[in-house]
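First up is the structure itself, then whatever we jot down about it.
The values are calculated or read from the model by the stated rules, or taken from the named source; none is laboratory data. For clarity, every value in this text was computed on a predicted model and none was experimentally measured. Note: ideal-geometry Cβ built from the backbone for every residue, glycine included; neighbour counts use all protein chains shown. Note: accessible area is taken over every heavy atom of the protein model, side chains too, but ligands, DNA and RNA are not part of it. Shrake-Rupley method; radii C 1.70, N 1.55, O 1.52, S 1.80 Å.
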Amino acid sequence: MATVKQTLGDLNKELFITLLRKLIGESKYVQNNPPELIPEEDRIVNHVLDILLPYSTTTGGGPLVINHVTYKPKRGNLIVEYPGTQPGNILSFVGMHMDVVTANPCDWEFDPFSLSIDGDKLRGRGTTDCLGHVALVAELMRRLGETKPQLKSTVVAVFIASEENSSIPGVGVDALVKDGLLDKLKQGPLFWIDTADKQPCIGTGGSIPWKLHVTGKLFHSGLAHKAINPLELAMEALKEIQSRFYRDFPAHPKEQVYEFATPSTMKPTQWFYPGGGINQIPAECTVSGDVRLTPFYSVSDAMKKLQEYVDDINSNIDKLDCRGPVSKYVLPDENLRGRITISFDEASSGVACDLNSRGFHVLCKATEEEVGHVKPYSITGTLPLIRDLQDEGFDVQTSGYGLMATYHAKNEYCLLSDMCQGYRVFASVISQLEDRYEV
């Protein structure tokens, strides 16, 4: 009798590329940047349905149970189930999202909205993130429907809408979880397929976007002693805030266990001021940036600390380092004090995957078998949706078969050879979880 891996075989490259070509051809219409660009994920859904419906209970042609779930017009999700024989035995592939980030064709060396092939490279917006994974898992489910292996475990694939932008809620996986449509996936490992470089990603960071608004006093730059320079105040205040942050949130011992590339960081990324002449000290400025927090620290604790730093600096602003003999942040004769305020945009928490779970161990073994080595990694990039799933009780593990170097980048591409290895990893995961139930 053929094993599960033998039955599933290797990725059918011709069918995979045919589907991927259709999906990349829709990428222009699934860019996600509201309000200008609202994706129509059903364009992707329809192509996936074209290859899966012939093997579904909908048409009577096969065992696949398909549920097209839509919360907003033209913005569907797709749940595809290959039923196993033993209730409660389940594994799932989730997170293959059908929207993409924006692309400007003028900035690319090739058309981002059509698939082009250069040797092993499959080029176009979404090849790495994440339409390549949509095509890959769709081909896996098609092959299950076609070959009908006798599995104890139910295999579920969840293709989701609205991953790249959360400004329109209640569209994608958040709504599916709220409605209980994924509840049974808690009974087994959930593999989130939306990372890169063929290795298990076992940790991600939390994100706290912040704005530091600084108020001084406008005056002529030739009379600097009569001004409160908000630019200097911002630089010195930020230096103090960063110093305190790194004291309170140092590298955590678990970051080594999870192979985090960096510890928690707090840094500026943008600077704004209202304009004016070069000979004019402005009245205000704003510095913006983010905190990237490893999952071993609390996002709410970090936000509370940042506010405490700002409050203390305001109370003792006359003690803050100045820049030069006439630089100052208090003008006693005018009863004026410089002031800083901090505000936060929507924050999200990081994820530390369960390294003791069955899902983690089978993913590592499958990766070692098919890729040739296994080296789990962690980054302080954010995947807020999987933290939400983890908090809901799902055993989330993550992997992906695009390229980190081209993630959200110009001239995005993936490698066909990597996708072929990814398919074999999926087949190995299914096979290993079957072996678990052998008597």
Exactly one of (1) open to solvent by 20 Å² or more (accessible area, probe 1.4 Å); (2) of a type in the set (S, T, N, Q); (3) closer than 24 Å to Lys178 by Cβ is unmet by Ser92. Its number?
(1)
In the range 111-139, the residues that are in contact with a Ser or Thr (Cβ under 7 Å, 6 or more places away or on another chain) and surrounded by fewer than 16 Cβ atoms within 10 Å (Cβ to Cβ)
Asp120
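Suppose we filter Arg292, Arg323 for residues that are charged (D, E, K, R), in a loop (DSSP other than H, G, I, E, B) and out of contact with any Phe, Trp or Tyr (no Cβ under 6 Å at 6 or more places or on another chain); which single one remains? Outline the logic, then answer.
Numbers: Arg292 fails: in a loop (DSSP other than H, G, I, E, B).
So the residue among Arg292, Arg323 that is charged (D, E, K, R), in a loop (DSSP other than H, G, I, E, B) and out of contact with any Phe, Trp or Tyr (no Cβ under 6 Å at 6 or more places or on another chain) is Arg323.
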Please determine whether any residue of the range 251-261 is assigned to a loop (DSSP other than H, G, I, E, B) and out of contact with any Phe, Trp or Tyr (no Cβ under 9 Å at 6 or more places or on another chain).
no
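Yes or no: the range 92-107 includes at least one residue that is within 22 Å of the chain's Cα centre (by Cα) and among the charged types (D, E, K, R).
Within the range 92-107, the subset within 22 Å of the chain's Cα centre (by Cα) is 92-104.
From the residues that got through so far, the ones that are among the charged types (D, E, K, R) too are 99.
Scanning the range 92-107 turns up at least one residue that is within 22 Å of the chain's Cα centre (by Cα) and among the charged types (D, E, K, R).
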Within the range 250-258, is there a residue that is without any contact (Cβ under 8 Å) to a residue 60 or more places away in the chain, farther than 28 Å from Asp354 by Cα and surrounded by 14 or more Cβ atoms within 10 Å (Cβ to Cβ)?
no
If you scan the range 88-115, which residues turn out to be touching a Leu at 6+ places or on another chain (Cβ under 8 Å) and either small (Gly, Ala, Ser) or assigned to a helix (DSSP H, G or I) (or both)?
Ser92, Gly95
Filter the range 132-156 for residues that are among the aliphatic types (A, V, I, L, M) and in a strand (DSSP E or B) and give the result.
Val155, Val156
Quick one: in the range 62-84, of everything that is in contact with a helix residue (DSSP H, G or I) (Cβ under 9 Å, 6 or more places away or on another chain) and free of Cβ contacts under 8 Å to residues at least 40 places away in the same chain, which residue is surrounded by the most Cβ atoms within 10 Å (Cβ to Cβ)?
Ile66
Out of the range 1-16, which residues are surrounded by 16 or more Cβ atoms within 10 Å (Cβ to Cβ) and assigned to a helix (DSSP H, G or I)?
Val4, Lys5, Thr7, Leu8, Phe16
